Structure formats: structure tokens, C-alpha cells
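Okay, so here's the structure we're looking at.
The values are calculated or read from the model by the stated rules, or taken from the named source; none is laboratory data. Computed from a predicted structure; not experimentally measured. When we count neighbours, we look across all protein chains shown, and the Cβ atoms used for this are built from the backbone with ideal geometry, even at glycine. Please note that ligands, DNA and RNA were not included when accessible areas were found on the heavy atoms of the full protein model with its side chains. Shrake-Rupley method; radii C 1.70, N 1.55, O 1.52, S 1.80 Å.
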Amino acid sequence: MKRRDFVKRMGAGALVAGTLAGCSAQQQAAKGSAGGAARSFHWKMVTTWPKNFPGMGTAVNKLVALIDEMSAGRLAIKVYGAGELVPAFEVFDAVSSGTAEMGHGAAYYWKGKSEAAQFFSTVPFGLTAQEMNAWLYYGGGMELWQELYEPFGLLPVAAGNTGVQMGGWFNREINSPQDLKGLKMRIPGLGGEVLRRLGGTPVNLPGGEIFTSLQSGTIDATEWVGPYNDLAFGLHKAAKYYYYPGWHEPGTTLECLINRQAFTELPKDLQAVVTTACKAINLDLLSEFTARNNAALHQLVTRHKVELRSFPPEVLKELKGVADKVVAELAGRDPVAKRILDSFQQFRDQVVAWDEISERAYLNARGRGMDQA
Ligand code: CA
């Protein structure tokens, strides 16, 4: 099938999916079988997260349960945590080759396949969660992402967002850019490259290996996600200072990778079930993180006596200057990345102007809280 037709079908699928909520699973099953015998499908889902890990892992469980319910059991998906069927960082290859029909991860893990993939997870000082979704769904981002993964036989779909992450866990204070020199830190994607330019050593580790590496001193510092997820890994037991903001991950999109061949073999209604369920999880995970981060941060600070620190403005300014260079250089050596960056930046410029008079103006007007001065 030609890509244009494929994308058209994807668009049509999204429209059809809008009517699903009003139909019972039985009606859907009947619809699906109207053109022939209803066929059942059994898929494998490999993930980059530990199985059942709070947040990302449980979101995957919710996703497959939703697909099962919406498809009236016609599409059953078995979930494999990191290392169960394939190691965390082999998820992309596993879905590309058809070892599994679906995968869940984040696009910056695949920069070895295509550096441009990183734009579809997060960009340092780039878009927030809400802005990422707007770019992907209404700003041309989704089409570019699909085009980028097409040569790998993969269809990407946004399936979760972490919101603004935390800056990370450190055992020394970061008072100036010099303090980043010589720092061996787990930090993926473009943020890692920024650290390298400032004299640090970025390391990319799957989530499940972070705590041991930090505790044993294999790495000096790490970032992971935010209070809810970081507490679950017990990172406060291995580092003293918890820094914010997550300049490197302002709204990381998580992805479902779908094997294109497997997807095209699904009837249209099941295709719509898959893409719509991913869209639902995209919202669900962001909502869950936003809701749970507050309580987890409170617990980290009060019970575990974590020292919360903000990066000094001087450090953030330096990081931002380097980040802009890193992104521009990436676009300079890869024409595909250039096209994606042009779309991304054009969207960012517009949305920043709008955010000034909407989000920022409102947050400033609201102040620090209903009961605080
Ligand atoms: Ca992170």
C-alpha cells in the first residue's frame, strides 16, 4: 500500500474511532464481522520498561485491556516487560522484524537507527506535553513521524506523555556549568549530547538498570522521569539532591511501535481500536503523572528528606545555548531531521507566542497557589 493511502486510512480510522464510544463491544464485533467471518488476532507487545512498573508499565497493561475490551476480545495482546522477550533497547528491532507486533518505549532510544527520531520523544527546551500533542495531532508532526519510521516497517503512535520531568538526582550540588564537567550521568537523547558538550559523560541505560548503577557508583548522577516514577525506583536511596526543572525533557512523548504488516492485516475497525486506544493512553498517562507527582514529591521531601534544588539560572542559560547548537547541528547533517526541525520550530514559535498570553499569563495571574501569597 502506498504511504499516502495508508495515512489517509489512518486519518479515516481516527474519525471512525470517534463513534466507537457510543457503540457496545457486541455491536462493534457485529460490525467487524459484517464483511466476513470475525477473525481473532493474538499479538505480542514488547516494552522498554520493567513489567507492571508504575506509570509506564501499568499504562501498557491498561492499553492492552482497553484494546481487548474495545475489540470484544478479537485482538488479544500479551505484554512482555524489558528483558522478557527481548532486552529493553531491542524493542524497535523486535517490532520492525515482526518478532512482536507492538512495542512501547520512547523515540530517543532509537537515535542509533535515526537521529531524527529524537524529535518525537522530546527536545531540550522544546515543547511541553500539551504542545507536543498539538504538534503531533494538528501541526504535521504525526505525518513526519510515520514517514520517518516507514522504512523500518513501523507505524509509530503517541501513547503516553510524562509531562515536564525532573532534572535528576545528584550527589553533588550543581552551582555552575563547571560542576557538570566529568559527571557520568544517565541521561538519554539530545539532553545527553548537551551534557557531553559541557564536559560530562552521558550514559543511556534502561530504567530497570538505573538504581543499581547509581548505587554502585557506575554512574554519578541520573535522571529518570519525575517524583512518582523516581520514588518507585527508590532513587532517593542513592542520591542526595533532586534537581529541577527537567530542561532536557519538557514533555516526553512515549510511543507505541506497530509492525506495519501486522497493522495492515487488521480489519479497519480493529485498526481504529488500536490507534484510538493509544490516543486514550496518551491522555491517561499524562493525567496520572500529573496527579501522582505531587504526592510523591511531598513524600520524597518530608519522609525521605530529599534535598530539592533548582538549577541556577546561569546553568540553565548555558544548557539552553548548547542545546540550541546541538539541535541545529543535527538538522545540518541530516536532511530528514532538517525537515522535521523546520516543522517543529515553526510550530514552537507560534505556540510560544500563544502561550505567552494564555498559559504563562494565566499561571502568573493565578500565583503560587490558592492559599499561598
Ligand atoms: Ca527522563
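Rounded to the nearest 10 degrees, the inclination of helix 335-355 to the longest alpha-carbon principal axis of the chain is 70 degrees. This model, with +1 at the C-beta of Lys and Arg and -1 at the C-beta of Asp and Glu, gives the chain a dipole about its Cα centre of some 300 debye.
Within a Cβ distance under 9 Å of Trp224, other residues only, what is the Lys/Arg minus Asp/Glu net charge?
Around Trp224, the charge tally is -1.
In the chain, the convex hull through the Cα atoms has an average projected area of 19.2 nm², a quarter of its surface area. Each Lys or Arg adds one and each Asp or Glu takes one away; over the other residues whose Cβ falls under 15 Å from the Cβ of Val95, this sums to -3. Using the Cβ of Ala159 as centre and a radius below 15 Å, the other residues enclosed give a net charge of -2, where K and R count +1 and D and E count -1. Of the residues Gly168, Tyr109, Leu63, the one whose Cα sits farthest toward the positive end of the charge dipole of the chain, with +1 on the Cβ of Lys and Arg and -1 on the Cβ of Asp and Glu, is Leu63. For segment 295-373, trypsin sites (Lys or Arg not before Pro) meeting the loop criterion (DSSP other than H, G, I, E, B) and having at most 14 other Cβ atoms within 10 Å: Arg303, Lys305, Arg368.
Rolling a 1.4 angstrom probe over the protein heavy atoms with all chains in place gives the chain an accessible area of 44 Å² per residue. Solvent-accessible area assigned to carbon and sulfur over the chain amounts to 54 percent, based on a 1.4 Å probe.
Can you give me the angle between helix 313-333 and the longest principal axis of the chain, using Cα atoms only, in degrees from 0 to 90, rounded to the nearest 10? So the inclination is approximately 40 degrees. Out of every Cα pair in segment 55-166, what percent are spaced more than 23 Å from each other? Here the long-distance tail beyond 23 Å is 33 percent of all Cα pairs in segment 55-166.
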